[in-house]
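Since the structure comes first, as structure tokens, the remarks are kept for the end.
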Amino acid sequence: IRPDRADCAEAAKLFGEKVYCAFKSARYDVKEAGNCLAIEANTAAVFHLMRAAEYGLRALALDRRVKLAKKASLDLATWETIIRELEAAETAIQNYPRTLAREAQLDFYHGAMMEVKRFKNKFRNRLMHTRAEYDRDQAHSALTHVRDFMKILATQISDTKRTPRIWKGKRWVTIEP
């Protein structure tokens, strides 16, 4: 294991404490992604990162109360279907009354969706449709995007916690330094 990847090996909290606590469902794949990065199994690392991201994507869909056609299971839905519904949910947020809480809600969802879009076409689709193999720099890029996505999610939601459909009040307003 190269020194710059030693911290990835057996790193259960590779994405940090908040993500570890919020997304028990993703723990296995986060740890396996780190192990794969440590031994330079870069394409395998991207595979596990995309699985971890899918847990986050499903949590986001549950939070936004995404409805699938014919009561389909979220666990069986394609990324494309989930993302399309999440984009509609983001558009709905834009139509909520203009308040500071609404702005915070829009920032949260827009930030999460931007990260999904950053890695979906570059990594997930190419990987799952056997169109690409990844080198160490590309795998590290995938790690960065998925980790950032999961960290955004962990600020407000988890496997078991979701937010109100419309955020109201000062509780939701945070001022970043």
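The values are calculated or read from the model by the stated rules, or taken from the named source; none is laboratory data. Quick caveat, the model's predicted, so the values are computed rather than measured. Please note: Cβ atoms are built from the backbone with ideal geometry, for glycine as well, and neighbour counts cover all protein chains shown. Note: accessible area is taken over every heavy atom of the protein model, side chains too, but ligands, DNA and RNA are not part of it. Shrake-Rupley method; radii C 1.70, N 1.55, O 1.52, S 1.80 Å.
Exactly one of these conditions fails for A72: (1) open to solvent by 50 Å² or more (accessible area, probe 1.4 Å); (2) of a type outside the set (K, R); (3) in contact with an Asp or Glu (Cβ under 9 Å, 6 or more places away or on another chain). Give me its number.
Among (1) open to solvent by 50 Å² or more (accessible area, probe 1.4 Å); (2) of a type outside the set (K, R); (3) in contact with an Asp or Glu (Cβ under 9 Å, 6 or more places away or on another chain), A72 violates only (3).
Looking at the structure I just gave you, is A61 of a type in the set (A, V, I, L, M, F, W, C), surrounded by fewer than 19 Cβ atoms within 10 Å (Cβ to Cβ) and part of a helix (DSSP H, G or I)?
For A61, the condition - of a type in the set (A, V, I, L, M, F, W, C), surrounded by fewer than 19 Cβ atoms within 10 Å (Cβ to Cβ) and part of a helix (DSSP H, G or I) - is not met.
Has the range 116-134 got at least one residue that is out of contact with any strand residue (DSSP E or B) (no Cβ under 6 Å at 6 or more places or on another chain), under 27 Å from D7 (Cβ atoms), in a loop (DSSP other than H, G, I, E, B) and at pLDDT below 90?
Yes, that holds for at least one residue.
How many residues, within the range 23-57, are in contact (Cβ under 8 Å) with a residue 60 or more places away in the chain, open to solvent by less than 40 Å² (accessible area, probe 1.4 Å) and outside any helix (DSSP H, G or I)?
Number satisfying all stated conditions: 1.
Can Y20 be described as modelled with pLDDT of 95 or more, assigned to a helix (DSSP H, G or I) and open to solvent by 90 Å² or more (accessible area, probe 1.4 Å)?
When the stated conditions are applied, Y20 does not pass them.
Just the residues that are within 17 Å of E54 (Cα to Cα) and of a type outside the set (D, E), please, taken from the range 22-42.
Residues of the range 22-42 within 17 Å of E54 (Cα to Cα): 22-34.
Listed by number, the residues that qualify are A22, F23, K24, S25, A26, R27, Y28, V30, K31, A33, G34.
Test E40 against the criterion of being over 16 Å from L143 (Cα atoms) and charged (D, E, K, R), and give yes or no.
It is false that E40 is over 16 Å from L143 (Cα atoms) and charged (D, E, K, R).
Considering every residue within the range 30-39, establish whether at least one is under 24 Å from A6 (Cβ atoms) and within 12 Å of the chain's Cα centre (by Cα).
Yes, because at least one residue in the range 30-39 is under 24 Å from A6 (Cβ atoms) and within 12 Å of the chain's Cα centre (by Cα).
Quick one: H145 ticks every box in (1) open to solvent by less than 20 Å² (accessible area, probe 1.4 Å); (2) within 24 Å of K18 (Cα to Cα) bar one, so which box is it?
(1)
Just one of (1) open to solvent by 30 Å² or more (accessible area, probe 1.4 Å); (2) over 22 Å from L68 (Cβ atoms); (3) under 19 Å from the mean Cα position of the chain (by Cα) trips up K117, so point out which.
(2)
Please specify each residue of the range 92-107 satisfying the condition of being among the basic types (K, R) and either in contact (Cβ under 8 Å) with a residue 24 or more places away in the chain or closer than 18 Å to D63 by Cβ (or both).
R102
Would you mind telling me which numbered condition in (1) within 20 Å of the chain's Cα centre (by Cα); (2) outside any loop (DSSP other than H, G, I, E, B) K161 fails?
Every listed condition holds for K161 apart from (2).
Those residues that are open to solvent by less than 70 Å² (accessible area, probe 1.4 Å) and either over 23 Å from L68 (Cα atoms) or touching a Ser or Thr at 6+ places or on another chain (Cβ under 8 Å) (or both), I need them from the range 81-102; list them, please.
T99, A101, R102
Check R136, R126 and return the single one that is closer than 30 Å to A38 by Cβ and in contact (Cβ under 8 Å) with a residue 60 or more places away in the chain.
R136
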